[in-house]
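For reference, the structure discussed in these notes is given below.
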Amino acid sequence: MRSRALLFWLLMILAFVLTQPGAIAFANWDAPYGFYKDLSVWMSCAGAGLILVLAYGVHMWGKGDLGLANLIGAISLITATIWLGYWMEKAIGGEMGYGSGNVLVFLIGGFIGLVLSLMLLPISLPYVLTGDLYYPYDRPLMVVWVAMVIIAIVLLVAYLKARKEEKLRESEDRGPSVSS
């Protein structure tokens with residue numbers, strides 16, 4: 001069960017890591033609107049990805065592979081992510097006439113943005129690695145992305161270790177097989 005929880009949280013972090021480069025790329029496609037726009041688009045895309053991971057988590061919880069505390073933590077993270085993105089969008093809405101109007105439209109746009117950000121990931125990833133994707137005001141987003149990549153790597157290593165230990169325990173519990 002420990003490996004399932006680690007896998008779940010790895011997927012939660014990957015929702016942020018995999019959407020950020022593409023989200024920043026299409027947020028700045030027509031004009032650089034600034035930090036709030038880039039953060040808003042990223043949180044919208046990540047929020048949509050997190051909702052999909054939550055659906056997987058509910059499935060795992062139904063099978064008994066994931067604890068309720070993990071789901072409560074995930075719902076809290078999703079709520080904070082969507083709230084932050086929507087709040088950032090509202091902050092720039094007045095000055096540029098930009099915005100979705102309500103949270104439901106923000107979420108629908110998030111699912112469209114999720115697809116776009118994942119499509120743009122392979123193209124934008126080299127620019128992320130060289131720092132060319134970001135405007136100077138986006139440096140905090142780059143730092144957060146690098147930190148999340150490190151967290152994802154740590155979670156991946158922990159997951160692989162836990163999975164290996166669980167498989168070893170399963171084989172020890174079965175004991176040696178006796179051939180007839």
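What the table below lists for this structure:
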quantity: Computed Kirkwood radius, in angstrom, where 1/r is averaged over Cα pairs of the chain; calculated: 17.7 Å
quantity: Extension gain (nm, one decimal) between ALA69 and ALA147, 0.36 nm per residue minus Cα-Cα; calculated: 25.7 nm
quantity: Kyte-Doolittle mean at least 1.6 and Cα axial length at least 27 Å: DSSP H helices in the chain; calculated: 103-130
quantity: Size of charge dipole - the chain - debye, nearest 20, with Cβ of Lys, Arg +1 and Asp, Glu -1, no other charges; calculated: 500 debye
quantity: FRET efficiency, 1/(1 + (r/R0)^6) with R0 45 Å, evaluated for ASN102 and ASP173 via beta carbons; calculated: 0.30
quantity: Of every Cα-Cα pair in segment 32-71, the percent that sits beyond 10 Å; calculated: 71 percent
quantity: Area of ASP38 that stays accessible when all protein chains are in place (1.4 Å probe, Å², to 10); calculated: 0 Å²
quantity: Positive-end residue, the chain charge dipole about Cα centroid, Cβ charges, pick of ILE24, LEU121, MET12; calculated: MET12
quantity: Evaluated over segment 89-158, the Cα radius of gyration and Dmax, each in Å; calculated: 15.3, 45
quantity: Of all accessible heavy-atom area on the chain, the percent that carbon and sulfur account for (1.4 Å); calculated: 70 percent
quantity: Candidates ALA48, ALA80, ALA15: whichever shows maximal mean-square fluctuation once the chain is modelled as a Gaussian network with Cα springs under 10 Å; calculated: ALA80
quantity: Exposure rank, largest accessible area first [PHE106, PHE111; 1.4 Å]; calculated: PHE111, PHE106
quantity: Mean Cα-pair separation over length for the chain, i.e. relative contact order, pairs under 8 Å, 6 or more apart, %; calculated: 37 percent
quantity: Dipole of the chain [Lys/Arg +1, Asp/Glu -1 at C-beta], most positive-end residue of LEU107, ALA55, ILE82; calculated: ALA55
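The values are calculated or read from the model by the stated rules, or taken from the named source; none is laboratory data. Keep in mind it's a predicted model, so treat the numbers as computed, not measured. Cβ atoms come from the backbone with ideal geometry, glycine included; neighbour counts cover every protein chain shown. Quick note on the areas: whole protein, heavy atoms, side chains included, nothing else; ligands and nucleic acids left out. Shrake-Rupley method; radii C 1.70, N 1.55, O 1.52, S 1.80 Å.
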